């Protein structure tokens, strides 16, 4: 049985703390958009329960990173929060949720990008595979933790992804077509 996402978050984030509030506000916004996107592609049969749970947990690893603007003071670079979240969630027996955490950064990161950019990550593909992973990754691109639950416009998301290269943008544009985002 999957633990309640908010109970799991509360194990690592003090309820009412700035880090907790930032994470929960962001994750709720991502989950709401992800559920709406899942409805747009119902013929692909995404699991809405899993989509909601995994969207709520996708950023659980940020507390282990050095991200003072989110009141997180861990030893790892922020880019590592997906891999760290994967390890944490796997420790709770949540393998599929863990993969969402690892694969949600940007529009997914492939091994070649990790090598080329010398990112402090294991050199392996971390690209969304399942429809649920794609939905959550896509939904996440529309919400900055610093903007709360305010959805970013499509043009702003494209602009933010552009510095990460053509592969990231092409993957994102494929999702724009799939999910009918305008």
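The values are calculated or read from the model by the stated rules, or taken from the named source; none is laboratory data. Just so it is clear, the structure is predicted and the values come from calculations on it, not from any experiment. As a convention, Cβ positions derive from the backbone with ideal geometry for all residues, glycine included, and neighbour counts pool all protein chains shown.
Key figures
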quantity: Residue within region 55-74 that is closer than 21 Å to residue 176 by Cα and either in a helix (DSSP H, G or I) or at pLDDT below 95 (or both) present; calculated: yes
quantity: Members of region 11-49 that are touching a residue at least 40 places away in the same chain (Cβ under 8 Å), farther than 23 Å from residue 176 by Cα and surrounded by 14 or more Cβ atoms within 10 Å (Cβ to Cβ); calculated: 12, 13, 19, 22, 23, 25
quantity: Within region 63-79, considering residues that are more than 15 Å from residue 12 (Cβ to Cβ) and in contact (Cβ under 8 Å) with a residue 24 or more places away in the chain, the one nearest to the chain's Cα centre (by Cα); calculated: 79
quantity: The lone exception for residue 176 - which of (1) in contact with a helix residue (DSSP H, G or I) (Cβ under 9 Å, 6 or more places away or on another chain); (2) modelled with pLDDT of 95 or more; (3) under 30 Å from residue 8 (Cα atoms) it fails; calculated: (3)
quantity: Residues located in region 1-10, provided they are touching a residue at least 40 places away in the same chain (Cβ under 8 Å) and assigned to a helix (DSSP H, G or I); calculated: 5, 6, 8, 9
quantity: Leading residue by the ranking (nearest to the chain's Cα centre (by Cα)) among those in region 108-133 that are surrounded by fewer than 16 Cβ atoms within 10 Å (Cβ to Cβ) and in a helix (DSSP H, G or I); calculated: 111
quantity: Subset tally (residues that are in a helix (DSSP H, G or I), surrounded by 14 or more Cβ atoms within 10 Å (Cβ to Cβ) and more than 14 Å from the chain's Cα centre (by Cα)) for region 134-156; calculated: 3
